[in-house]
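The structure appears right after this line, and notes come after that.
The values are calculated or read from the model by the stated rules, or taken from the named source; none is laboratory data. Here the structure is a predicted model, which means the values were calculated and not measured. Because the Cβ atoms are built from the backbone with ideal geometry, glycine has one as well, and the counts that use them run over all protein chains shown.
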Amino acid sequence: MFRDAEAFAALRAQLATRGAGPELDALLARLRELAERRRVAIGEADGVKGELNAKSREVGEKKRRGEDASALLATLGELSARAEAAAAAAAGAEAAFGEALAYVPNVPAGDVPPGDATHNEIVRTWGEPVEPEPWHRPHWETGKALGLLELERGTMLAGSGFPLLMGLGARLERALIGFMLDLHTREHGYTEVAPPYLVNRECMTGTGQLPKYEDDMYRTSDDLFLVPTAEVPVTNLHRGEVLQAEDLPKRYVAYTPCFRREAGAHGADTRGLTRVHQFDKVELVRLERPEASAAAHEELTRHAETVLQRLGLAYRVVRIAAGDMGFANHRQYDLEVWAPGVRKWLEVSSCSTYGDFQARRMNTRYRPARGAKPEFVHTLNGSALALPRTVIALLETGQLPDGSVRVPPALVAVLGVERLEARAG
């Protein structure tokens, strides 16, 4: 692609819909240069290796015939050194190209609107947003008044962005996690996974968090990363594998806590639970045949929507424009829930398809038919759902004039109460 001027121009045009501008041009120009350097280096390495092999065969033939091969043997050492140096140069050129390529974002799908967030499109809505009343309060006030949310104590323990839930607040979080996992396993056909909460650099690179977003991640001294989302360990379950056609689709659901530094987001929505460094999330992950991925994206999004519908929360589905999509995303829908206390639509889920972008980085393939050449799978994932903003919407949507909060019928049996209200002591 980087040698073909027409294909390269088409790639540039597709990526330009993300609005990257001069920075993208510089990166792509550098990639073309590195691609040419790699081509030349590999050609030289192959040439020297071929010459070395030919000379080695000639030495062998002379010895078999009983002829003097000393002159040829003298050249083999020099050729061997040249071959080793050429191979090292080719490996270096390959590594430099791969490092630069890792910063190139995924190509947006053809139906993704070009431009920034102002070009996002509302696809559909569900439910009637609660009209804010004078007695509607933001969730951090309601949560504190009812003894559900202890933001100050969380800050004392770990710093800002690490919330602490207490009593029925903690039970509400646990009830939501169980409710979501049961829904997706029993009704939507996903297999539950309980993955590690730490992953290695290869996993983070495979799903596209690295190298671009390394500053947003929590990293340990031995180069492991706290998971920013269950997408990372679960999508990497089949890294390096060749699956059979009958193995697909793979449908997984997992709960994990998630850890993100949110570098560069200081001062944006920092009150309450809107933007935090640690949060709980239930994640859907799918591996699909390429021809099935578009339909799977729509189905996965509907599965995430079902959670909001069962909880009775008004929401809207937004098609995300190219410039507002994540680095690895090919197509993305966001689910935004209405929170009357803060009077905002809040994102509770991103449902995305990646095409073969992640699969190429992970080398995850499948064999379409017996004896056929392996092809890359398509990967998809979606939050179903992220807990903090779901809790925000529940606390603010369910508020009653007396300060208590109505519990959705879907959670009453688990929580054992129909209202969240202040408890004595």
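Being within 17 Å of LEU34 (Cβ to Cβ), modelled with pLDDT under 95 and surrounded by fewer than 12 Cβ atoms within 10 Å (Cβ to Cβ) is the requirement here; does GLU94 meet it? So GLU94 fails the test.
Each row is one residue, and each column tells you yes or no for (1) polar (S, T, N, Q); (2) more than 23 Å from LEU411 (Cβ to Cβ); (3) not assigned by TED's automatic domain parsing to the domain that holds LEU385.
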| position | (1), (2), (3) |
| --- | --- |
| PRO138 | no, no, no |
| GLU141 | no, no, no |
| LEU146 | no, no, no |
| GLY167 | no, no, no |
| THR185 | yes, no, no |
| VAL199 | no, yes, no |
| GLN209 | yes, yes, no |
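On the basis of being surrounded by fewer than 17 Cβ atoms within 10 Å (Cβ to Cβ), among the basic types (Lys, Arg) and within 24 Å of THR17 (Cβ to Cβ), does ARG124 make the cut? Let's see the steps before the verdict.
Values: surrounded by fewer than 17 Cβ atoms within 10 Å (Cβ to Cβ): yes; among the basic types (Lys, Arg): yes; within 24 Å of THR17 (Cβ to Cβ): yes.
For ARG124, the condition - surrounded by fewer than 17 Cβ atoms within 10 Å (Cβ to Cβ), among the basic types (Lys, Arg) and within 24 Å of THR17 (Cβ to Cβ) - is met.
Considering every residue within the stretch 214-222, establish whether at least one is touching a residue at least 60 places away in the same chain (Cβ under 8 Å) and either more than 18 Å from ARG260 (Cβ to Cβ) or in a helix (DSSP H, G or I) (or both). No, every residue in the stretch 214-222 fails to be touching a residue at least 60 places away in the same chain (Cβ under 8 Å) and either more than 18 Å from ARG260 (Cβ to Cβ) or in a helix (DSSP H, G or I) (or both).
Looking for something among the β-branched types (Val, Ile, Thr), assigned by TED's automatic domain parsing to the domain that holds ARG360 and not in a helix (DSSP H, G or I) - is there at least one such residue anywhere in the stretch 243-258?
yes
Within the stretch 171-213, the residues that satisfy the criterion of being part of a strand (DSSP E or B) and either of a type in the set (D, E, K, R) or over 17 Å from the mean Cα position of the chain (by Cα) (or both) are THR191, GLU192. In the stretch 76-88, the residues that are farther than 11 Å from SER56 by Cβ form Cβ pairs under 7 Å with partners that are assigned to a helix (DSSP H, G or I) and of a type in the set (Gly, Ala, Ser), at six or more places apart or across chains, as follows: ALA86/ALA45; ALA87/ALA45.
What residue, of ALA35, ALA26, is in a helix (DSSP H, G or I), loosely packed, with under 14 Cβ neighbours inside 10 Å and over 25 Å from the mean Cα position of the chain (by Cα)?
Working: ALA35 fails: loosely packed, with under 14 Cβ neighbours inside 10 Å.
None of the other options fit; the residue is ALA26.
What is the one condition in (1) under 26 Å from TYR103 (Cβ atoms); (2) in a helix (DSSP H, G or I) that ALA328 does not satisfy? With respect to (1) under 26 Å from TYR103 (Cβ atoms); (2) in a helix (DSSP H, G or I), ALA328 is out only on (2). For the stretch 62-70, the criterion of being among the hydroxyl-bearing types (Ser, Thr, Tyr) and surrounded by 12 or more Cβ atoms within 10 Å (Cβ to Cβ) is met by no residue.
Going through (1) modelled with pLDDT of 90 or more; (2) assigned to a helix (DSSP H, G or I) one by one, SER56 falls short only on (1). Do we find that GLY66 is at positive phi and either assigned by TED's automatic domain parsing to the domain that holds PRO22 or of a type in the set (Asp, Glu) (or both) in this structure? For GLY66, the condition - at positive phi and either assigned by TED's automatic domain parsing to the domain that holds PRO22 or of a type in the set (Asp, Glu) (or both) - is met.
Of the residues making up the stretch 376-409, those that are over 23 Å from TYR252 (Cβ atoms) and aliphatic (A, V, I, L, M) are VAL391, ILE392, ALA393, LEU394, LEU395, LEU400, VAL405, VAL407.
Among the residues that make up the stretch 204-211, is at least one of them over 30 Å from LYS144 (Cα atoms), touching a Leu at 6+ places or on another chain (Cβ under 8 Å) and not aliphatic (A, V, I, L, M)? No, that holds for no residue. The number of residues in the stretch 178-199 being farther than 13 Å from LEU284 by Cβ, surrounded by fewer than 17 Cβ atoms within 10 Å (Cβ to Cβ) and out of contact with any Ser or Thr (no Cβ under 8 Å at 6 or more places or on another chain) comes to 5. Among the residues examined, THR274 does not qualify as buried (at least 16 other Cβ atoms within 10 Å of the Cβ), in contact with a Phe, Trp or Tyr (Cβ under 6 Å, 6 or more places away or on another chain) and in contact (Cβ under 8 Å) with a residue 12 or more places away in the chain. Taking first residues from the stretch 232-247 that are at positive phi and partners that are of a type outside the set (Gly, Ala, Ser), the Cβ contacts under 9 Å between residues at least 6 apart in sequence or on separate chains come to GLY240/MET362; GLY240/ASN363; GLY240/THR364. Among residues that are under 16 Å from PRO105 (Cα atoms), touching a Leu at 6+ places or on another chain (Cβ under 8 Å), at pLDDT 80 or above and among the small types (Gly, Ala, Ser), ALA26 is not included. Taking each residue of the stretch 97-117 that is surrounded by 14 or more Cβ atoms within 10 Å (Cβ to Cβ) and looking for partners that are hydroxyl-bearing (Ser, Thr, Tyr) with beta-carbon atoms closer than 8 Å, six or more apart or interchain, yields ASN106/TYR354; PRO108/THR17; ALA109/THR353; VAL112/THR17; PRO114/THR17; GLY115/THR17.
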